[in-house]
Amino acid sequence: MSGFKAGFLWGGAVAAHQLEGGWQEGGKGVSVADVMTAGAHGVPREITAGVLPGKNYPNHEAIDFYHRYKDDIKLFAELGFKCFRTSIAWTRIFPNGDEQTPNEAGLQFYDDLFDECLKYGIEPVVTLSHFEMPYHLVTEYGGWRNRKLIDFFVRFAKVAFERYQHKVKYWMTFNEINNQANFHEDFAPFTNSGLKYQPNEDREPVMYQAAHYELVASALAVKAAREINPSLQIGCMIAMCPVYPLTCAPDDMMMAMNAMHRRYWFTDVHVRGKYPQHLLNYFARRGFELDITDADRAALAQGCVDYIGFSYYMSFATKATADNPRFDYDETQSLVSNPYVQKSDWGWQIDPVGLRYSLNWFWDHYQLPLFIVENGFGAIDVQESDGSVNDQYRIDYLAAHIREMKKAVEEDGVDLMGYTPWGCIDLVSAGTGEMKKRYGFIYVDKDNDGKGTLARSKKKSFGWYQQVIASNGENL
Ligand code: P53
């Protein structure tokens, strides 16, 4: 076997809240992304109590894709995209999240957007919930700590499947559902699940409860999709940062194994339709009493995903410590720097081999088709006086990752569906809210303060990626 399979889904990935802007257009409601200010590396984004005057909310305008999508998709077509991964902003369809009937203007926007893609033979790949749930569900229901959200999400999912079933085949339910394993920080619980914690609240069981409701909602959505149209393919979406042991000391290995358990059990539930025993034992040891019903267990078993979508940016490393004999993993405490790899300006460890390892890890565990739906290099780009951007470092990063991806396919035999590098057009960073953390092949003239013309231009990597796609990954 050599090369990527015919019909390999080369493309690019974005999320609605990070590029659309138009935050109040077409009847859209306020999302969790709309109440987050801009931060920076080491400066967390502030989550404000609603939209407050005088604050900088970078997602409100983003890169104005809402009004410019036709020109942008034309550029994607020029790149040769076979697919384009975006999300549907839940708040365009159900502005508050708890309405009975959807907002037609929002539905029409995505009809037009998907038609524009299909006009060029670009297949839309759609995430239903990508860090942009209705803010109303946070203030009125406490986010995903409330079981009622299952019905709201499933209603939204069904509306989307019914409406777009003939335009969109590939779907994902919850973006990077496992980010919230990092529950001591405020970012992931809020963006994944709309969770705001009380000062002394025991965060961990709340996270498990919210994740459980999401997994049930995801499974019910999968089931609904099959009833609506059996040709739809529904995947999960996992943030894969494989956790390596710092050394080959057996205790370091056990620490890494437990870290993998705590970060990736979400995949077990999505794929196998039940909880792994190690996690049930952990709940028992910690005395977590979660609301998991027999009906939930039945739903999970009936809603297993068709494929595994995942993001890959970096690997992690960990080590055992004397004060942690059970090897419990706490993402804010347990990670150490890997001395064998370089880091980006934002401290993300650059590890192309880790992508091959991750593909094999998923394949060995689950034997489901895999789809790399995010990968990329967030960097500071400098626009020269002639407007060009020489982003050779981005080409180097992506080429190195594609080489490893190829080995996983050709040498190791994993079943890989496609590859959509993140932020194919510059957009607002999720983690920091910055514009200057750029990923694109297409430069967007806008800075961290929101200034700029929003003009689009091609970076050096644009021509490079065009060749990669045209040669089905041979020309790197
Ligand atoms: P930014 C953390 C770790 C790995 C991926 O991230 C992550 C995060 C959250 O920041 O998020 C994904 O913009 C996410 C995208 C996001 C992208 O990675 O912080 O699915 O929404 O933009 C890159 O550099």
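Being part of a strand (DSSP E or B) and open to solvent by less than 10 Å² (accessible area, probe 1.4 Å) is the filter here, so list the residues in the range 1-50 that pass it.
W10, G11, G12, A13, S31, M36
Considering the range 330-357 alone, what residues qualify as being within 16 Å of N179 (Cβ to Cβ) and more than 16 Å from the ligand (Cβ to nearest atom)?
Residue satisfying the conditions is D330 alone.
Looking at this structure, is W464 out of contact with any helix residue (DSSP H, G or I) (no Cβ under 8 Å at 6 or more places or on another chain) and closer than 21 Å to D72 by Cα?
Here the answer is no, as W464 does not meet what is asked.
Name, by its number, the condition in (1) touching a helix residue (DSSP H, G or I) at 6+ places or on another chain (Cβ under 6 Å); (2) open to solvent by less than 40 Å² (accessible area, probe 1.4 Å) that does not hold for K319.
(2)
Every residue, every condition in (1) more than 16 Å from the ligand (Cβ to nearest atom); (2) over 24 Å from D34 (Cα atoms); (3) of a type in the set (A, V, I, L, M); (4) buried (at least 17 other Cβ atoms within 10 Å of the Cβ), yes or no:
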position: L359; (1), (2), (3), (4): yes, yes, yes, yes
position: D381; (1), (2), (3), (4): no, yes, no, yes
position: E384; (1), (2), (3), (4): yes, yes, no, no
position: L398; (1), (2), (3), (4): no, yes, yes, yes
position: R403; (1), (2), (3), (4): yes, yes, no, no
position: K406; (1), (2), (3), (4): yes, yes, no, yes
position: V409; (1), (2), (3), (4): yes, yes, yes, yes
position: A455; (1), (2), (3), (4): yes, no, yes, no
position: W464; (1), (2), (3), (4): yes, yes, no, yes
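Between a residue in the range 132-158 that is at negative phi and open to solvent by less than 50 Å² (accessible area, probe 1.4 Å) and any residue that is acidic (D, E) and not in a helix (DSSP H, G or I), which pairs come within a Cβ distance under 6 Å, given they are 6 or more apart or on different chains?
Final answer for the pair search is F152/D98.
Any idea which residue in the range 270-288 is nearest to the ligand (Cβ to nearest atom), counting only those that are of a type outside the set (K, R) and touching a residue at least 40 places away in the same chain (Cβ under 8 Å)?
The extreme case among them is H270.
Would you confirm, using the coordinates I've provided, whether R262 is basic (K, R) and part of a loop (DSSP other than H, G, I, E, B)?
When the stated conditions are applied, R262 does not pass them.
Go through the range 423-433 and report how many residues are more than 7 Å from the ligand (Cβ to nearest atom) and under 13 Å from A33 (Cα atoms).
2
What number of residues in the range 300-359 are part of a loop (DSSP other than H, G, I, E, B) and not polar (S, T, N, Q)?
Final tally of qualifying residues: 26.
Determine whether Y110 is in contact with a helix residue (DSSP H, G or I) (Cβ under 9 Å, 6 or more places away or on another chain), hydroxyl-bearing (S, T, Y) and farther than 24 Å from A224 by Cβ.
Taking the combined requirement at face value, the residue does not satisfy it.
Provide a single number: the residues in the range 438-453 that are open to solvent by 10 Å² or more (accessible area, probe 1.4 Å) and either among the polar types (S, T, N, Q) or in a loop (DSSP other than H, G, I, E, B) (or both).
Result for the range 438-453: 10.
For the range 195-208, give me each residue that is at pLDDT 95 or above, more than 16 Å from the ligand (Cβ to nearest atom) and assigned to a loop (DSSP other than H, G, I, E, B).
Listed by number, the residues that qualify are K196, Y197, E201, D202.
Condition test on I402, is it touching a helix residue (DSSP H, G or I) at 6+ places or on another chain (Cβ under 8 Å) and part of a strand (DSSP E or B)?
So I402 does not fit the description; no.
The values are calculated or read from the model by the stated rules, or taken from the named source; none is laboratory data. Since this is a predicted model, take the numbers as computed values, not measurements. Backbone-built Cβ (ideal geometry, glycine too); neighbour counts: all protein chains shown. When the accessible area is computed, the model is the full protein with side chains, heavy atoms only, and any ligands, DNA or RNA have been set aside. Shrake-Rupley method; radii C 1.70, N 1.55, O 1.52, S 1.80 Å.
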